[in-house]
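The values are calculated or read from the model by the stated rules, or taken from the named source; none is laboratory data. Source: prediction; values computed, not measured. As a convention, Cβ positions derive from the backbone with ideal geometry for all residues, glycine included, and neighbour counts pool all protein chains shown.
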Amino acid sequence: MDTPRLTVCVCTHNRPTYLRACLDGLRRQSARPERFEILVVDSASAPDAAREAERLAMAGPNTRHLRVERPGVSLARNVAARCARSEWIAYIDDDAIPEPGWVRAILDAIAEPGAPALIGGRILPLWEAPLPPWWPASLRGVLSIVEHDWPGEYRTKDLPRGLEPYAANMVVNVAALLEAGGFHAAVGRYSGALLSDEEVQLAWRLQNDGRSVRYDPRIVVRHQIAAERLTPEWLLRRLYWQGASAVVTRRLMGEQAAVWRALLRRLVVAVLFAPAALVPSSSTLLIGVRWRRAYSAGFVRAALGWQAAATAERLARRAHAPVRAPGETQIAM
């Protein structure tokens, strides 16, 4: 088999139905199959789901299958980078479906002179249920939706403030990724914890090291938004962990002073809005107040070393091995 130009990584955990749709999309690409390989990484799925993931992977061409025995999406992505047979790796979530020209758009982007070290793509929603009218317009991003139309360098005037890359649709130069230490295992989904921003932390590390990190709207996937996420309970839980993730990410970036500067404001919000906690979790009443309180509560607890920080530190001790994976076993090609 000729060396492919691109490795496409799909990390999956107990979601064979989503994985099937993702692989179907990858196998309908306009790019020739020999130009890219598909690498399915099973992140410690239960036995039945693991067998189905392997079967789905092996059912098509140019596909390999790996299993990582320890759970954690950051660990799985790092294993994929180590096992990639190409200079570039494209990450796509198992619940995302690539547009038919997705691989071709990536190949065009990485072939351009001065290609960046990391490229974030556009992520459009596929709703499993209608977005509720109470959902705050400013929080579409917590569903990993990116709809911006114009390319540009992240964290510059080229792009809107707050626009960030998501690993649901992201391309990285493998050498740059490994040189930077990979995805940090202190962030990234693990078990029931919704700690996130592992891709953001990687992107800003690369950018701080002088590498280009860009957004390219030509690279498009459709992200399936599960109906179970469109509830007040899920939103508040997600915002709590987003607040905690902000603290962990800033500390990993060496920005402890920024954490302390923001702490007082977050503490005031958490205290002033504390009565909102009396509203039943399933209610949409005062949702704007409640999500701000949830974010601030997660931020404060992580900053002061309580629940979320302890969770992150435990994950880091247990799983942080950016380019080594003791639990890795290769199942088949």
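If you go through region 112-124 and keep only what is over 12 Å from residue 171 (Cβ atoms) and either of a type in the set (Gly, Ala, Ser) or in contact with a helix residue (DSSP H, G or I) (Cβ under 6 Å, 6 or more places away or on another chain) (or both), you end up with just 114. Scanning region 74-98 for residues that are over 25 Å from residue 146 (Cα atoms) and in contact with a Phe, Trp or Tyr (Cβ under 9 Å, 6 or more places away or on another chain) yields one hit, 86. Of the numbered criteria (1) buried (at least 19 other Cβ atoms within 10 Å of the Cβ); (2) in contact with a helix residue (DSSP H, G or I) (Cβ under 6 Å, 6 or more places away or on another chain); (3) at pLDDT 95 or above, the one residue 203 fails is (2). Within region 141-157, the set of residues being of a type in the set (Gly, Ala, Ser) and part of a helix (DSSP H, G or I) comprises 141 only. Take the conditions within 20 Å of residue 145 (Cα to Cα) and without any contact (Cβ under 8 Å) to a residue 12 or more places away in the chain and apply them to residue 241. Does it pass? No. Picking from residues in region 269-282 that are without any contact (Cβ under 8 Å) to a residue 24 or more places away in the chain and among the hydrophobic types (A, V, I, L, M, F, W, C), the one that is surrounded by the fewest Cβ atoms within 10 Å (Cβ to Cβ) is 278.
Exactly one residue out of 35, 70 is in the same structural domain as residue 185 (by TED's automatic domain parsing), over 19 Å from residue 123 (Cβ atoms) and modelled with pLDDT under 95, and it is 70. Picking from residues in region 278-333 that are more than 20 Å from the chain's Cα centre (by Cα) and hydroxyl-bearing (Ser, Thr, Tyr), the one that is modelled with the lowest pLDDT is 329. The set of residues in region 104-128 being part of a helix (DSSP H, G or I) and crowded, with 21+ Cβ neighbours inside 10 Å consists of 105, 106.
The conditions of being surrounded by fewer than 18 Cβ atoms within 10 Å (Cβ to Cβ) and under 27 Å from residue 205 (Cα atoms) are met by residue 263.
Residues of region 16-61 that are crowded, with 18+ Cβ neighbours inside 10 Å and either among the charged types (D, E, K, R) or under 18 Å from residue 88 (Cβ atoms) (or both): 26, 29, 31, 36, 37, 38, 39, 40, 41, 42, 52, 54. Beta carbons closer than 7 Å, at least 6 apart along the sequence or on distinct chains, pair a first residue in region 152-167 that is closer than 14 Å to residue 118 by Cα with a second that is of a type in the set (A, V, I, L, M, F, W, C) and not in a strand (DSSP E or B) for 152/159; 154/163; 154/203; 164/200; 165/200; 165/203.
Restricted to region 5-92, the set of helices (runs of 4 or more DSSP H) holding at least 2 residues that are of a type in the set (S, T, N, Q) comprises 73-83. Scanning region 215-265 for residues that are outside the structural domain of residue 290 (by TED's automatic domain parsing), over 23 Å from residue 128 (Cα atoms) and not aromatic (Phe, Trp, Tyr) yields 216, 217, 218. Looking at the structure I just gave you, is residue 131 in the same structural domain as residue 290 (by TED's automatic domain parsing) and either at pLDDT 95 or above or in a strand (DSSP E or B) (or both)? Criteria not met by residue 131.
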